[in-house]
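A.B. asks: Supplied in structure tokens, the structure appears directly below.
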Amino acid sequence: MSAVQSAPTAQSEALFARARAVTPGGVNSPVRAFRSVGGTPRFIASAQGAYLTDADGTRYLDYIGSWGPMILGHNLPAVREAVADALQFGTSFGAPGEREVLLAEQVTRLTGVDRVRFVSSGTEATMSALRLARGATGRKFILKFRGNYHGHADGLLVEAGSGLMTNEGHLGAAAPSSAGVPEEYARLTLVSEYNDPQALDALMAERGHELAAVIFEPVVGNAGVLVPTPEFLAALHRVREHGTLLIADEVMTGFRLSLRGATGLLGLQPDLICWGKIIGGGLPVGAYGGRADVMDFVSPQGPVYQAGTLSGNPLAMAAGLATLTALENTPDLYARLDAYTAQLASGLKSAAQTAGVPVSVNRVGSMLTAFHQDVPDGSVRTYTDAARSDTAAFARWFQGMLARGVYWAPSQFESIFVSGAHGDAELNATLEAAQAAYRDLGGRDLGAHEQGGGA
Ligand SMILES: *Cc1c(COP(=O)(O)O)cnc(C)c1O
């Protein structure tokens with residue numbers, strides 16, 4: 001079996017024990033707790049480029065990138081300098097400042113929306129966009145897709161993905177997906193299957209006239225990666241024939257899949273777009289934007305109230321500006337990310353096949369999930385498909401990677417994120433670790449699976 005010597009975790013264990021005494025589950029966001037993969041969550045002391053260093057001094061090759069924001073790698077000098085520069089002038093004004101205008105100009109120029117409003121998280125962005133859609137249409141109901149995650153606002157915790165798939169065993173559960181969400185709220189959220197255009201058309205025909213908005217992840221990251229079919233994208237566009245607003249939740253995909261996000265990549269034309277993660281360059285920023293005639297319903301221009309004490313915070317705006325500017329100044333970045341992640345996908349696939357471990361890979365650009373199941377690549381299309389994965393096998397593989405210094409997303413139902421700081425050395429190290437981790441799994445598992453896999 002494996003001769004891997006796991007790194008020491010005494011400091012992380014001690015911190016986790018202290019954290020559990022003062023914070024629910026010891027973490028401030030559920031997936032960080034490693035519940036679905038077991039073991040001690042690593043407490044991170046520092047991050048640089050493609051690497052994290054934990055409290056015990058062990059360095060890990062990072063595939064989370066703070067769950068997306070670190071598309072150019074951790075601790076980018078340009079971001080650090082921009083924040084340090086802003087810091088000299090004060091940390092928050094509670095009044096408007098130039099950086100908010102600059103970032104809004106940059107976002108509208110890059111994405112084609114007329115107006116944008118900054119908030120402090122992705123959750124706030126989607127929550128506010130839905131209120132806006134309701135205010136603008138005068139309708140109550142919204143529609144989301146099973147396994148899509150749009151943050152933790154009440155009406156969106158209905159058949160939701162991400163940590164809810166990971167921690168709570170809610171696979172296939174009926175709405176709502178969290179305690180504390182009144183059924184009355186959940187009833188205002190209709191749910192349809194992702195990548196099922198017929199179901200969406202049928203629901204729209206019946207209920208379209210009552211629907212303020214359809215919100216969706218243009219490429220899903222929160223059930224693992226799911227890629228939309230052209231037929232499904234066409235059905236999404238038809239939603240607007242019912243006077244329903246189409247809201248693209250690009251909190252994960254915005255500025256990741258292209259400078260115009262998944263929307264630009266896929267040729268989608270939503271009414272509203274939500275952003276988070278990369279737009280703040282690692283500081284807390286979210287945003288929503290769209291056409292002027294819709295956005296001008298937002299207070300103080302219009303009657304839909306939305307506010308934030310720290311919205312447009314100068315340090316956060318500085319980090320966002322530095323990140324988007326660096327993206328614009330790195331013209332080959334998206335091609336490089338795509339090439340790296342394509343090699344990662346094929347390398348993982350062949351390593352798994354060699355070891356006799358069934359794996360099905362979904363990938364778009366620098367987002368990738370290797371589902372532990374015996375179906376062809378690309379055929380995991382829905383939440384129901386994703387939920388068939390062997391999560392126990394994934395957990396063992398995750399631990400095998402971690403023991404070899406590679407920090408993968410600690411859940412089968414999350415995307416990993418490649419950054420511009422990942423190069424040839426990182427790719428080789430990852431594939432070497434993956435070969436060994438799959439080999440361990442194949443050795444232990446052969447016979448548990450029907451047939452040792454397709455290679
Ligand atoms: C991360 C995410 C959110 C929530 O953003 P937070 O900043 O965590 O509130 C919403 N939608 C999608 C698609 C996300 O990936």
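Computed from the coordinates by the stated procedures, all read-outs in this text should not be read as laboratory data. Source: prediction; values computed, not measured. When we count neighbours, we look across all protein chains shown, and the Cβ atoms used for this are built from the backbone with ideal geometry, even at glycine.
A.B. asks: What would the Debye equation give as log₁₀ I(q)/I(0) for the stretch 1-155 at q = 0.09, 0.15 Å⁻¹, counting only Cα atoms as equal point scatterers?
C.D. replies: -0.49, -1.17
A.B. asks: Computed FRET efficiency, Cβ-Cβ of SER46 and ALA84, R0 22 Å: what is it to the nearest 0.05? The partial results should precede the final answer.
C.D. replies: Working: r = 17 Å, r/R0 = 0.76.
Approximately 0.85, to the nearest 0.05.
A.B. asks: Still on this structure: Looking at the stretch 246-339, which trypsin sites (Lys or Arg not before Pro) are DSSP coil and have at most 15 other C-beta atoms within 10 Å of their C-beta?
C.D. replies: On the way: sites: ARG256, ARG260, LYS277, ARG291, ARG336; in loops: ARG256, ARG260, ARG291.
When the trypsin sites (Lys or Arg not before Pro) of the stretch 246-339 are filtered for loop state and at most 15 Cβ neighbours within 10 Å, ARG291 remain.
A.B. asks: What full-extension length gain, to one decimal in nm, is calculated for PHE93 and ASP114 as 0.36 nm per residue of separation minus the Cα-Cα distance?
C.D. replies: That works out to 5.0 nm of additional length.
A.B. asks: Modelled label-to-label distance, ASP332 and ALA205, 7 Å Cα→beta-carbon offset: nm?
C.D. replies: If labels sit at ASP332 and ALA205, their model points lie 5.2 nm apart.
A.B. asks: Oh, and also: At a Förster distance of 60 Å, what's the computed FRET efficiency of HIS242 paired with THR23, Cβ-Cβ distance as r, to 0.05?
C.D. replies: Details: r = 44 Å, r/R0 = 0.74.
So the FRET efficiency works out to roughly 0.85.
A.B. asks: Scattering from the C-alpha atoms of the stretch 77-328 alone, worked out with Debye: what is log10 I(q)/I(0) at q = 0.08 1/Å?
C.D. replies: The Cα Debye sum returns log10 ratios of -0.30.
A.B. asks: Based solely on its DSSP helices, what 222 nm [θ] is calculated for the chain when runs of n ≥ 4 H residues each add -39,500 (n - 2.57) and the sum is averaged over all residues, nearest 500 deg cm²/dmol? Can you show the working numbers first?
C.D. replies: Working: 15 runs with 170 residues, N = 455.
Mean residue ellipticity at 222 nm (helix-derived): -11500 deg cm²/dmol.
A.B. asks: Next up: How far apart, in nm, are the 7 Å Cα→Cβ label points at GLU184 and ARG388?
C.D. replies: 4.1
A.B. asks: Could I ask something else about it? Mind pulling the angle between the C-alpha long axis of helix 333-355 and the longest principal axis of the chain? Nearest 10 degrees, somewhere in 0 to 90.
C.D. replies: Helix 333-355 and the main axis of the chain meet at about 40 degrees.
A.B. asks: Neighbour counts of other C-beta atoms within 10 Å: give me SER360, SER366 arranged from fewest to most.
C.D. replies: Numbers: SER360 23, SER366 26.
Ordered from fewest to most neighbouring Cβ atoms within 10 Å, SER360, SER366 come out as SER360, SER366.
A.B. asks: Right, next: How far is helix 197-207 tilted off the main Cα axis of the chain, in degrees rounded to 10, range 0 to 90?
C.D. replies: Helix 197-207 sits at roughly 30 degrees to that axis.
A.B. asks: Please give the contour-minus-distance gain from ASN75 to LEU233: 0.36 nm per residue of separation, less the Cα-Cα distance, rounded to one decimal in nm. Numbers along the way, then the final one.
C.D. replies: Details: separation 158, 0.36 × 158 = 56.88 nm, distance 3.63 nm.
Contour length minus the Cα-Cα distance gives 53.2 nm.
A.B. asks: Now a separate question. Output the 0 to 90 degree angle, nearest 10, between the alpha-carbon long axis of helix 314-328 and the longest principal axis computed from the alpha carbons of the chain.
C.D. replies: Roughly 70 degrees between the two axes.
A.B. asks: Over the stretch 77-328, calculate the relative contact order: mean separation of alpha carbon pairs under 8 Å at least 6 apart, over the residue count, as a percent.
C.D. replies: Numbers: 503 pairs, mean separation 74.1, N = 252.
It rounds to 29 percent for the stretch 77-328.
A.B. asks: Oh, and also: Using the alpha-carbon centroid of each, what span in Å lies between the stretch 352-426 and the stretch 44-99?
C.D. replies: 26
A.B. asks: Separate question: At what distance in nm do the modelled label points of GLN198 and ASP296 sit from each other, each positioned 7 Å from its Cα along Cα→Cβ?
C.D. replies: 4.4
A.B. asks: Sticking with this structure for a sec: Relative contact order (percent) for the stretch 304-432, with alpha-carbon contacts under 8 angstrom and 6 or more residues of separation? Can you show the working numbers first?
C.D. replies: Details: 128 pairs, mean separation 28.2, N = 129.
Worked out over the stretch 304-432, it gives 22 percent.
A.B. asks: Could I ask something else about it? If we count other beta carbons within 10 Å of each Cβ, what is the order of VAL304, VAL22, VAL357, fewest first? Could you put the intermediate results ahead of the total?
C.D. replies: Details: VAL304 18, VAL22 7, VAL357 29.
Arranged by neighbour count, lowest to highest, VAL304, VAL22, VAL357 become VAL22, VAL304, VAL357.
A.B. asks: Hey, another quick one. What percentages make up the Cα-Cα pair-distance distribution of the chain when the bins are 10 Å wide from 0?
C.D. replies: Bin by bin from 0 Å, the calculated values are 4, 21, 31, 27, 13, 3, 0.
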